[in-house]
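*Asks:* Okay, here's the structure, questions in a sec.
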Amino acid sequence: MTNINHLRELESESIFVLREVAAQFENPVMLFSGGKDSIVMFHLARKAFFPAKVPFALLHIDTGHNFEETIQFRDNLAEKHGVRMIVKYVQDSIDKGRAVEEIGVGASRNVLQTVTLLDAIEELKVDCAMGGGRRDEEKARAKERFFSHRDEFGQWDPKNQRPELWNLFNGKKRPGEHFRVFPISNWTEMDVWQYILMENIEIPNLYFTHKRKVFQRDGMWLAFAPFMKLKDSEELIEMDVRCRTIGDITCTGVTVSKADSLEEIVEEIAATRVTERGGRSDDKRSEAAMEDRKKEGYF
Amino acid sequence: MANTTKGYLDMQLLRFTTAGSVDDGKSTLIGRLLYDSKSIFEDQMEAIELSSKKKGEEHVNLALLTDGLRAEREQGITIDVAYRYFATPKRKFIIADTPGHIQYTRNMVTGASTANLAIVLIDARNGVVEQTLRHAYIASLLQIPHIVVCVNKMDLVDYDEEKYHEIRNHFMEFAPKLDVKDIRFVPISALKGDNVVDRSKNMDWYKGSTLMHILENIYIAGDQNYVDARFPVQYVIRPMTDEYHDYRGYAGRIDGGIFKVGDKVTALPSGLESKIKSIDTLNGTLKEAFAPQSVTMTLEDNIDISRGNMIVKSNNVPENGQDIKAMISWFNERPLAINGKYSFKHTSSDLRCMIKDVSFKMDINSLERNYDDKTVKMNDIARVEIRTTKPIFYDSYRLNRYTGSFILIDEGTNETVGAGMII
């Protein structure tokens, strides 16, 4: 039978892109956040280079505001698959005066990651950073290329992108410039979950239901961490929740859910009426929030 | 979004492109497909309701769902290719949403390059216009196998059957100039929802399928070339571990045909023959693999193969040569330079080429050939003669969209300046 389903077709496309990166760049890294998208991307990389090891390092930009489980998961994954995990800390950028911490209620280090990321790219002489960004996530991402060119300042120019046709990817660049490559551009949130289910990929327990102290802000449930400031009107409650996305803890909403298996998660996503970035307060800052952050060099 | 744990393993992927100007109702149509297939989330809906109100619009403007970048929102136009996604229980869809104005020909070409199907929109009040032909021609040039002509805004012509047939007949007069096997027509109103997802109550005279029914059921498995087996080698896998000490795997995506373990194959350009020993994946070995799968192959004999080479079946080899004729679409503000040199990217090989001559330019509004004007500017389509630095192995684009296509890269700026389809 010469037919493959949509997940296998997406998989083949992503594997193609990952191999192009290995072939076209000297020093690529894969950005790894410990979230499901980067976990799927890494799984695809294992497939792309089997039986060899993944031929590049993983890079985690650590805000210091993580779920503890994410860090545990990250370190286990690196050890299990014998891959080099480079960690760069936003705290270091702050200490060096490269980035200034936001203050007050709603303070987040999410934007500061850009500084740390661009510094890491320069320091490690990275010529290609792969990310788990998907075009269905947000309007500004819908026009992103698989191979996205960045100038010597790490900036994205949405008006001057290279046309991408067939499966011909142009990764040519001048010294000092780099590329961001998004191997799972064409996947949706649903595709990612179906694929995790189909391939039985290990993911952090945070994605499954668990009891957690949470509070409500701007209509979203946020997980509580000791360094977070609560408003007077906000109160901590313990609830059965799970993460739909995992990012910086200060801006990642949690979902009230009892789903404790991949099947239940897929069914929950199928029935849900809010986008996953609806739970990300970083996107709510303005209508063009993502576009602005991307131009500056965000993931 | 009914694709739950039950049937998702049987879903197929369909990529389609839409071309049209703002006035054709293209954004409204896409908004309608997303909305009626319940692919719009509450927070997205709230956001566009708010924007519609801000602009003082009476109804929720579904077109706002697809306006991506700030520049576009400000100017109210779409200036690039945007990709949209939705799914039904049968299929996952990827829409390459491109602007339809002539100055965006390059975007239409880009969007069309990977599509299985093209939606061409016609405003029922205006009928077939220059732009209609341009869209259909680009679909044909890029060899999109299926075209669905949507005669839109039927509500504004009182759902008139005669009007629809008039437009259909007019379009069919031009069809012989196109190289498309499958053309279908649907009378719709994207604004009111007639025949998009739900069958129209206003057009009893139309007995055909709704647009969504076509998208969900059109037969696409036959669009792939399963005859001419082509495997451009993308990367060589050498684990250098104790377990896989002498392992040499050729990684790539199959661009055509079917490869089976035991098949007699030839490596190009060396011409050396061997047999397929194994087809390996992380999930185990395969007996056979076919387009568009990404796999890794090993061969019985240790022959020298690297990126840019192609593995084919010994009884079916592609054409090879240094002098090729092609149709090209030009993307850059700097015109094509006759006798100019460019980087030439074709399958997994990178080489250089020189443009020897421009045979003619295509007037994509009249579909006439222009033999006098040889200045190929941005958004022009032309037939050219090219000489490559080394022989390339190729098929005509009509036979294989992947071994028959290439891009041209400016050696100074590294920009992708043109895309070509080998004749």
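*Asks:* Quick check on region B:380-393. Is at least one of its residues touching a Pro at 6+ places or on another chain (Cβ under 9 Å) and farther than 24 Å from residue B:320 by Cβ?
*Replies:* yes
*Asks:* Tell me yes or no: at least one residue of region A:184-194 is in contact with a helix residue (DSSP H, G or I) (Cβ under 9 Å, 6 or more places away or on another chain), under 16 Å from residue A:20 (Cα atoms), crowded, with 21+ Cβ neighbours inside 10 Å and more than 8 Å from chain B (Cβ to nearest Cβ).
*Replies:* Yes: region A:184-194 contains one or more residues that are in contact with a helix residue (DSSP H, G or I) (Cβ under 9 Å, 6 or more places away or on another chain), under 16 Å from residue A:20 (Cα atoms), crowded, with 21+ Cβ neighbours inside 10 Å and more than 8 Å from chain B (Cβ to nearest Cβ).
*Asks:* Return the residues of region B:381-423 that are without any contact (Cβ under 8 Å) to a residue 60 or more places away in the chain and either within 14 Å of chain A (Cβ to nearest Cβ) or crowded, with 21+ Cβ neighbours inside 10 Å (or both); say none if nothing qualifies.
*Replies:* Matches in region B:381-423: B:382, B:384, B:404, B:412, B:413, B:414.
*Asks:* State which residue is farthest from the other protein chains (Cβ to nearest Cβ) when the search covers only region B:81-104 and only residues that are part of a loop (DSSP other than H, G, I, E, B) and out of contact with any strand residue (DSSP E or B) (no Cβ under 8 Å at 6 or more places or on another chain).
*Replies:* Per the stated criteria, the residue is B:101.
*Asks:* Residues that are under 30 Å from residue A:19 (Cα atoms): find the strands (runs of 3 or more DSSP E) completely inside region B:166-255 holding 3 or more of those.
*Replies:* Output list reads B:230-232, B:235-237, B:249-253.
*Asks:* Next question. Do the conditions hold for residue B:13, that is, is it modelled with pLDDT of 85 or more and either in contact with a Pro (Cβ under 9 Å, 6 or more places away or on another chain) or within 13 Å of chain A (Cβ to nearest Cβ) (or both)?
*Replies:* yes
*Asks:* Another question about this same structure. Which numbered condition trips up residue B:267, out of (1) surrounded by fewer than 16 Cβ atoms within 10 Å (Cβ to Cβ); (2) small (Gly, Ala, Ser); (3) modelled with pLDDT of 95 or more?
*Replies:* (1)
*Asks:* If you go through region B:316-333 one residue at a time, how many are part of a loop (DSSP other than H, G, I, E, B) and at pLDDT 95 or above?
*Replies:* 3
*Asks:* Filter region B:104-127 down to the residues that are free of Cβ contacts under 8 Å to residues at least 60 places away in the same chain and open to solvent by less than 20 Å² (accessible area, probe 1.4 Å) and list them by number.
*Replies:* Selection gives B:107, B:127.
*Asks:* Same structure again: I need a count of the residues in region A:140-149 that are open to solvent by less than 10 Å² (accessible area, probe 1.4 Å) and of a type in the set (Lys, Arg).
*Replies:* Matching residues across region A:140-149 total 1.
Each row is one residue, and each column tells you yes or no for (1) open to solvent by 20 Å² or more (accessible area, probe 1.4 Å); (2) free of Cβ contacts under 8 Å to residues at least 60 places away in the same chain.
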| site | (1), (2) |
| --- | --- |
| B:240 | yes, yes |
| B:245 | yes, yes |
| B:249 | no, yes |
| B:252 | no, no |
| B:273 | yes, yes |
| B:279 | no, yes |
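*Asks:* In addition: Does residue A:175 count as within 12 Å of chain B (Cβ to nearest Cβ) and without any contact (Cβ under 8 Å) to a residue 12 or more places away in the chain?
*Replies:* Judged against the criteria, residue A:175 is a match.
*Asks:* Here's a follow-up. Could you list all residues from region B:217-232 that are open to solvent by 40 Å² or more (accessible area, probe 1.4 Å) and within 14 Å of chain A (Cβ to nearest Cβ)?
*Replies:* Those that are open to solvent by 40 Å² or more (accessible area, probe 1.4 Å) and within 14 Å of chain A (Cβ to nearest Cβ): B:219, B:222, B:223, B:224, B:226, B:227.
*Asks:* Same structure, new question: Name the pairs: first residue in region A:42-62 and within 12 Å of another protein chain (Cβ to nearest Cβ), second residue assigned to a helix (DSSP H, G or I) and hydroxyl-bearing (Ser, Thr, Tyr), Cβ to Cβ under 6 Å, at least 6 apart or on different chains?
*Replies:* Every condition considered, the pairs that remain are A:44/A:14.
*Asks:* Among the residues of region A:150-169, how many are within 8 Å of chain B (Cβ to nearest Cβ) and open to solvent by 10 Å² or more (accessible area, probe 1.4 Å)?
*Replies:* 8
*Asks:* Do you know which residues across region B:136-154 are closer than 18 Å to residue B:367 by Cα, open to solvent by 10 Å² or more (accessible area, probe 1.4 Å) and not polar (S, T, N, Q)?
*Replies:* B:137, B:141, listed by residue number.
*Asks:* Suppose we filter region B:365-423 for residues that are under 24 Å from residue B:116 (Cα atoms) and in a loop (DSSP other than H, G, I, E, B); how many remain?
*Replies:* Of the residues in that region, 15 qualify.
*Asks:* When you scan region B:233-258, how many residues do you find that are at pLDDT 95 or above and more than 7 Å from every other protein chain (Cβ to nearest Cβ)?
*Replies:* 10
*Asks:* Here is a further query. Cβ-Cβ below 7 Å, separation at least six or inter-chain, first residue in region A:1-27 and at the interface with chain B (Cβ under 7 Å from one of its Cβ atoms), second of a type in the set (Gly, Ala, Ser) and outside any helix (DSSP H, G or I): which pairs?
*Replies:* A:12/B:294; A:15/B:294; A:16/B:294; A:19/B:251
*Asks:* For region B:375-403, how many residues meet the condition of being closer than 14 Å to residue B:344 by Cα, among the charged types (D, E, K, R) and in contact with a Ser or Thr (Cβ under 9 Å, 6 or more places away or on another chain)?
*Replies:* Matching residues across region B:375-403 total 2.
*Asks:* Sort out which residues of region B:283-329 are open to solvent by 30 Å² or more (accessible area, probe 1.4 Å), within 30 Å of the chain's Cα centre (by Cα) and away from chain A (no Cβ under 13 Å), and write them in order of number.
*Replies:* B:313, B:314, B:315, B:316, B:317, B:319, B:320, B:322, B:323, B:325
*Asks:* Go through (1) modelled with pLDDT of 90 or more; (2) touching a helix residue (DSSP H, G or I) at 6+ places or on another chain (Cβ under 9 Å); (3) over 30 Å from residue A:126 (Cα atoms); (4) in a loop (DSSP other than H, G, I, E, B) for residue A:201 and report which single condition fails.
*Replies:* Among (1) modelled with pLDDT of 90 or more; (2) touching a helix residue (DSSP H, G or I) at 6+ places or on another chain (Cβ under 9 Å); (3) over 30 Å from residue A:126 (Cα atoms); (4) in a loop (DSSP other than H, G, I, E, B), residue A:201 violates only (3).
The values are calculated or read from the model by the stated rules, or taken from the named source; none is laboratory data. These figures come from a predicted structure and were not determined experimentally. Note that we place each Cβ from the backbone using ideal geometry, even for glycine, and neighbour counts take in every protein chain shown. The protein model used for the area step is the full one, side chains on, heavy atoms only, and it has no ligands, DNA or RNA in it. Shrake-Rupley method; radii C 1.70, N 1.55, O 1.52, S 1.80 Å.
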